[in-house]
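Down below is the structure, laid out as structure tokens.
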Amino acid sequence: MAQRNPPLTGDGDGPAKDFAGTLRLILILRVVIVTALLGSALYVQIFFGLTSDSLYFIIGLTYLLTVFYAVLAIPFRANRIFAFVQLLLDVALVSLLVLVTGGVDSSFIILYYLLVVSAAIVLGRISSFAIATVSALLLACVVMIANGGFIDLQILYPFARPAMNTLLYTLALHAFALELLAALSGYLSGMLQTTAARLRVRTADLARLRVLNESIVRSNPSGIITTDMDGKITFANPAALGLLEQPLEEISGRDVRELLHYNPAAPEPMLSDEGWDREMLLAHSDGENIDVGVSRTLLIDADGMLVGKLYTIDDLREIKALQARLRLQDRMAAAGELSAAIAHEIRNPLGSISGSAQMIRKAPELSEDQLYYMDIIIRESQRLSLILNDFLAFTRAPVCSPVEIDILRIARETVDLLANSTEVTSDHQIELQYGGLGELVARVDANMLRQLIYNLASNGVRAMPDGGKLLLTLSREGDNAVLKFSDEGHGIQPERLQKLFQPFDSGSRGGVGLGMAIVYRIVQEHGGSIVIRSKPEAGTSVTVALPGSGGDPSGFSVRVETAEP
């Protein structure tokens, strides 16, 4: 009967654990043999009219012991001595069976050999030799009693009594065979258990390696997608599913080319014998295309056959945003140098021109035409002076001196200043909302905050040349002070939206393109964030969040979206 191999302990005498299953197998094997014996006895009794009360007694005793073993197996399920005692009692029962079924002529002598093999499998080599020795001794006793004439059992059954030398020769053969079987089965059992132990170790190693590989794949921040050779998706790790925002069930079986598109603006791919690396566009669930870096390699099995393709996907959005910020900073630095040179070269002559024109205008003999042209000179000189002030504010190294101030008060003062400027007409409406806040205290630079509010509010006014409503909403979100500017203007075209913070890129009439660049720098110095949403003919909203306790420039972030403001 098949036996399950428990783990090997390496002591050379069999396993030392997992005896619960082993003992169950011993019980099952015993029940099967005894049941077969009972069936054969009933068959003989029914068809041949022969019966043996001793045989039925041994069968009943075996069933009783089996029940007793089953009860004891619960507390002693890991006890080797308990298993060995069971085998010894089994040897005794087999001896009784041999005694009542003919001694040396009994067909049940083979059960000794089964017990020796069972001992080797269950307990190991030494126990197998012990069972073989006990079996040989008891067999000799039984044979001598039943066939040697030591006790007259003619009253039980008429046995022929062979010569003593024949009995001794038969017993010697059985003893030799039992010991030889113990040696062979012990050796084979040891090899089997060693192989099983190595297999368990190898299986455990493979299981750990599999868990490690799965953990690496699932924990990898890069998206991983595998396909068959036809490009049908077979697997995607959580990072890839996160980029797509789709479950595996929805993308499994789809062609990977439905999700990865070539980017015509990307640089040339890097090719190799194993695959390629290139920038591509990943189709997001909301229809947006995401800039990603894709590396494709071939999957090869242990036989060297191609079984699929592996795509490693990295989100390039943050890298692209960082590159754009670096390019913007380079442009701002170059513009700063240019602005400083222009300001120094123009400011003094411009002051002289403006002052002289104002003096001349006071002359009483000037005609109306002369007064008109003098006003033009003075007005344009003032406009140039404002441009120069923007240049100087832009080029001057920012010195951020945050103090705790009430942003609500600064916003009121700045909005009043803008409302009384020439930029605001009777068709414009500027509204300040603060949701019942008594004050909105934060650590910011007061002058920078005024500049920020004025620039953004004036941009909103310029975006509504025919009039409209500009709404400035102040609120607090956690530790952040939030200022939201919303206008009803013409909106910003998507292509301009991405260049909004570049210097000298003005989209409003009369501007020079430094207002948003200055706002960018102010928010960056405070470690805040800017979110701009705009859609053509639907207006624009600019949301600025400034840390209430003072921010670190490294926490700065900017996002622009073509969406309803």
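Coordinate-derived values only; no laboratory data. Since the model is a prediction, treat every value here as computed from it, not as a measurement. Virtual Cβ from ideal backbone geometry, glycine too; neighbours counted across all protein chains shown.
Under 15 Å from a label point set 7 Å out along the Cα-to-Cβ vector of residue 270, the amide N atoms of segment 311-326 belong to 312-314. Would you mind classifying segment 403-562 by shape? Square roots of the alpha carbon gyration tensor eigenvalues, ordered a ≥ b ≥ c; an a/c under 1.5 is rounded, otherwise it is prolate if a/b is larger than b/c and oblate if not. It is oblate, given that a/c is not under 1.5 and a/b is not larger than b/c. Rounded to the nearest Hz, the phi-derived 3J(HN,Hα) couplings of segment 358-366 under the Karplus curve 6.51 cos²θ - 1.76 cosθ + 1.60 (θ = phi - 60°) are 5, 5, 5, 5, 6, 5, x, 8, 6, where x marks glycine and proline. Each of residue 310 and residue 137 was given a label point 7 Å from its Cα along the Cα-to-Cβ line. The distance between the two points is 6.4 nm. Distances between placed amide hydrogens fall under 5 Å for residue 442 paired with 405, 407, all partners being 5 or more residues away or on another chain. Counting beta carbons within 10 Å around each of 526, 174, 261 and listing the fewest first gives the order 261, 174, 526.
By the gyration tensor of its Cα atoms, with a ≥ b ≥ c the square roots of the eigenvalues, what is the shape of segment 223-315: rounded for a/c under 1.5, prolate for a/b over b/c, or oblate? Verdict is oblate for segment 223-315. Express in whole angstrom the spacing between the alpha-carbon centres of segment 239-290 and segment 402-431. Spelled out, the Cα-based centre of one part sits 48 Å from the other. For the cross-link pairs 320/484; 499/535; 469/535, the ones whose C-alpha atoms lie over 24 Å apart are 320/484. The length gained by stretching the chain between residue 81 and residue 177 to full extension, at 0.36 nm per residue less their Cα-Cα distance, is 32.0 nm. Candidate cross-link partners of residue 309 among the lysines, defined by an alpha-carbon separation under 21 Å and a same-chain spacing of 8 or more, comprise 232.
Available extension along the chain between residue 92 and residue 427 is 109.0 nm, counting 0.36 nm per residue and deducting the alpha carbon span. What residues of segment 219-263 lie in the reach of a label at residue 285, counting those whose backbone N is under 12 Å from a point 7 Å from the Cα along Cα→Cβ? Under 12 Å, as judged by backbone N against the label point of residue 285, lie 241-251 of segment 219-263.
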